[in-house]
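Laboratory data are not the source of any read-out in this text; all were calculated from the coordinates shown. Small disclaimer: the values here were computed from a predicted structure and weren't measured. Note that we place each Cβ from the backbone using ideal geometry, even for glycine, and neighbour counts take in every protein chain shown.
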Amino acid sequence: RVIFQFEILETNVESKLIGEGALISGLILEGARWDMETKGLATLNEQSHATAFPPVWFRPVLAVSNSLTKSYKCPLYITASRAGEISSFGLDSNFLLYVSIPSNHPEEDWIKRGVALVCLSQFDVRVPAVAKKTEPITEQAEGEKISTNE
């Protein structure tokens, strides 16, 4: 059985340098932030709702025993609404897959906070070419885009 192993990268890398798998960038992390120093999930301040997430290498590997690394199985959605139509197979049309993200906190903490990755967000997020730090994003006012990273 083949599964994806996820590697969160510090910088944007040309996809031709990745080899097997896919390089996904432009994802938005809602309810938490990525901490480049600890290389794990961290809590957001109360004024933030979402942050830009660094590029992720989706690498196909043969399924073996579970890793000993603590991680959060973070749901990845197409849109921030997190709602879609349920297919006849019982699958949500908005849900894509779970991405394992390193974390020192129990998975329940992130579930209670509603932490998820999304492809399209209701927040204005500017993704830097080199992801040195993630910037907090504030909620949009009606008809305008507001971001704390000027």
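What the table below lists for this structure:
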read-out: For residue 96, distant residues with modelled amide H under 5 Å away; value: 76, 77, 78
read-out: Distance in nm between pseudo-label sites at residue 43 and residue 95 (7 Å out along the Cβ direction from Cα); value: 2.7
read-out: Amide H within-cut-off set for residue 44, under 5 Å, with H built and near neighbours excluded; value: 33
read-out: Segment 29-83: Rg to Rh, with Rh as the Kirkwood radius over Cα pairs; value: 1.00
read-out: For segment 3-9, Karplus couplings with θ = phi - 60° (6.51, -1.76, 1.60), whole Hz, Gly/Pro x; value: 10, 9, 9, 10, 10, 7, 9
